[in-house]
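The values are calculated or read from the model by the stated rules, or taken from the named source; none is laboratory data. Worth saying up front: this structure is predicted, and the values here are computed from it rather than measured. Glycine gets a Cβ as well: all are built from the backbone with ideal geometry, and neighbour counts include every protein chain shown.
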Amino acid sequence: MQVIKDDRSLAEAIRIMENQQRAELDLLKRHFEFTVDQLNPVNIVKEKISEAVSSIGETISSDSFKSKALKFGVGLASGFLTKKIIVGSSGGIFKKLLGMAVQAGVSGLVMKKMPTPMDDDRDNYRE
């Protein structure tokens, strides 16, 4: 801060402080507009949706997800086919219950026992 000795130095100090106040006000307005834009519910939803879509895309494109989805699909298909073989096109309540139990068992067994490509890769790295 400068020393004020006369009217001219007082006017200069006032002018400097007014310029500083204008600059700070402009900065404050820009910051307020940015904050309002960031807190706008539409922008928040858009940002969260884009984050979710990108994370889902990364998950789906991963090899682990693909191998697990294949394993799951094969397990369900084998259980369904086993049920169709046991129950057939028509059957009594007991036969249908037995078919559902066998379907669940076969699906679970196939999903547990079926090797995934990721498991094969890990075995190759251990050697």
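Glu18 meets the conditions (1) surrounded by 11 or more Cβ atoms within 10 Å (Cβ to Cβ); (2) charged (D, E, K, R); (3) modelled with pLDDT of 90 or more in every case but one. The failed one is (1).
Counting only helices (runs of 4 or more DSSP H) wholly contained in region 1-95, the ones carrying 1 or more residues that are in contact with a Phe, Trp or Tyr (Cβ under 8 Å, 6 or more places away or on another chain) occupy 41-61. List the pairs whose first member sits in region 102-123 and is among the basic types (Lys, Arg), whose second member is modelled with pLDDT of 75 or more, and whose Cβ atoms are under 9 Å apart, counting only residues at least 6 apart or on separate chains? Close Cβ pairs (under 9 Å, with a partner that is modelled with pLDDT of 75 or more) amount to Lys112/Gly75. Just one of (1) at pLDDT below 85; (2) within 31 Å of the chain's Cα centre (by Cα); (3) surrounded by 10 or more Cβ atoms within 10 Å (Cβ to Cβ) fails for Lys113. It is (3).
Quick grid of which residues meet (1) under 17 Å from the mean Cα position of the chain (by Cα); (2) of a type in the set (A, V, I, L, M, F, W, C):
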residue	(1), (2)
His31	no, no
Gln38	no, no
Ile44	yes, yes
Ser55	yes, no
Thr59	yes, no
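When Lys71, Lys29 are checked against the criterion of being closer than 30 Å to Lys113 by Cα and either touching a strand residue (DSSP E or B) at 6+ places or on another chain (Cβ under 9 Å) or of a type outside the set (A, V, I, L, M) (or both), a single residue qualifies: Lys71.
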